[in-house]
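Every read-out reported here was derived from the displayed coordinates using simple, explicitly stated rules and does not represent laboratory data. This one's a predicted model, so the numbers in the text were calculated from it and none came from an experiment. Positions of Cβ are backbone-derived with ideal geometry, glycine not excepted, and every protein chain shown enters the neighbour counts.
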Amino acid sequence: MSPAETRQHATFTALLWALSYPGRPQRLPAGGRAAFAAIAEALLDLETGAFSPDAEFAALIARSGARLLPPQRAPYHFYPAPEADSLESIAAAPVGSYTEPELGATLVLSCHLGGPATLTLRGPGIAGSVRLRVGGLPEDLWLLRAERTRFPLGWDLLLIDGAEVVGLPRSTAVEVG
């Protein structure tokens, strides 16, 4: 296997485990903006589309061969530095439909694990409940997610802090506080 294939495999495996065991951090082969690039490299191809409000990251998506799409049509959203104004594009992200729930978007967001907000997670892949502390995200993200997520509809979230990723699939109930 080439170094690129090894990195893609390690990244994809970390994402798979992160979504299988919500709230449990997984290690990525790269950290920071390189983690976002590794995730894009593992998930995007010529047949996928993505959105990022970050001009530098949008250029990386374009170079990957994936199509840059408006937020309401993009199956993948990348927010290497989410701000309060990111909520508008996040709110526009597809949630799928009852006949095609797989069309709900995957949102990749930079955050600070161990931050001030305490989340209690429940659902598949979690024995009982898990507490997760997170910060660095737009304040109303959790309210917006609660409004937009009605399993099987909703978004899968990948929260990135350095070289760690935490997955929150749409099947995970999130209670803030």
Q) Of all residues in region 56-86, how many are in contact with a helix residue (DSSP H, G or I) (Cβ under 6 Å, 6 or more places away or on another chain) and closer than 23 Å to Glu139 by Cβ? A) 5
Q.
Can you find a residue that is free of Cβ contacts under 8 Å to residues at least 40 places away in the same chain, more than 18 Å from Thr172 (Cα to Cα) and among the aromatic types (Phe, Trp, Tyr) anywhere in region 75-98?
A. yes
**Q.** Residue under evaluation Gly49, criteria (1) within 24 Å of Ala91 (Cβ to Cβ); (2) crowded, with 19+ Cβ neighbours inside 10 Å; (3) not β-branched (Val, Ile, Thr), criterion not met
**A.** (2)
Q) Considering region 14-46 alone, what residues qualify as being over 24 Å from His112 (Cβ atoms) and either crowded, with 19+ Cβ neighbours inside 10 Å or without any contact (Cβ under 8 Å) to a residue 12 or more places away in the chain (or both)? A) Leu44
(Q) Here are the criteria: (1) out of contact with any strand residue (DSSP E or B) (no Cβ under 7 Å at 6 or more places or on another chain); (2) free of Cβ contacts under 8 Å to residues at least 24 places away in the same chain. Tell me which single one Asp140 does not satisfy. (A) (2)
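If you go through region 69-107, how many residues are assigned to a loop (DSSP other than H, G, I, E, B) and among the aliphatic types (A, V, I, L, M)?
As a first pass, look at region 69-107 and keep what is assigned to a loop (DSSP other than H, G, I, E, B): 69-75, 80-85, 93-94, 96-100, 105.
Filter again for among the aliphatic types (A, V, I, L, M), leaving 69, 74, 81, 84, 93, 105.
Number satisfying all stated conditions: 6.
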(Q) Quick check on region 42-58: of everything there that is in contact with a Leu (Cβ under 9 Å, 6 or more places away or on another chain) and part of a helix (DSSP H, G or I), which residue is nearest to Pro75 (Cα to Cα)? (A) Leu43
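Would you confirm whether any residue within region 40-50 is of a type outside the set (A, V, I, L, M) and within 17 Å of Gly167 (Cα to Cα)? Steps first, please.
Residues of region 40-50 that are of a type outside the set (A, V, I, L, M), as a first pass: 41, 45, 47-49.
Among the residues that remain, those that are also within 17 Å of Gly167 (Cα to Cα) are: none.
Scanning region 40-50, I find no residue that is of a type outside the set (A, V, I, L, M) and within 17 Å of Gly167 (Cα to Cα), so the answer is no.
Would you point out which residue out of Thr118, Thr106 is surrounded by fewer than 15 Cβ atoms within 10 Å (Cβ to Cβ), closer than 18 Å to Pro169 by Cα, of a type outside the set (Gly, Ala, Ser) and touching a strand residue (DSSP E or B) at 6+ places or on another chain (Cβ under 6 Å)?
Numbers: Thr106 fails: surrounded by fewer than 15 Cβ atoms within 10 Å (Cβ to Cβ).
Of Thr118, Thr106, the one residue that is surrounded by fewer than 15 Cβ atoms within 10 Å (Cβ to Cβ), closer than 18 Å to Pro169 by Cα, of a type outside the set (Gly, Ala, Ser) and touching a strand residue (DSSP E or B) at 6+ places or on another chain (Cβ under 6 Å) is Thr118.
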Q) Within region 141-177, can you find the residues that are closer than 15 Å to Leu87 by Cβ, under 16 Å from the mean Cα position of the chain (by Cα) and either surrounded by fewer than 18 Cβ atoms within 10 Å (Cβ to Cβ) or among the basic types (Lys, Arg) (or both)? A) Trp142, Leu144, Arg145, Ala146, Arg148
Q.
Could you check region 55-90 and list, in sequence order, the residues that are aliphatic (A, V, I, L, M) and either buried (at least 16 other Cβ atoms within 10 Å of the Cβ) or in contact with a Gly (Cβ under 6 Å, 6 or more places away or on another chain) (or both)?
A. Leu60, Ile61, Ala66, Leu69, Ala74, Leu87, Ile90
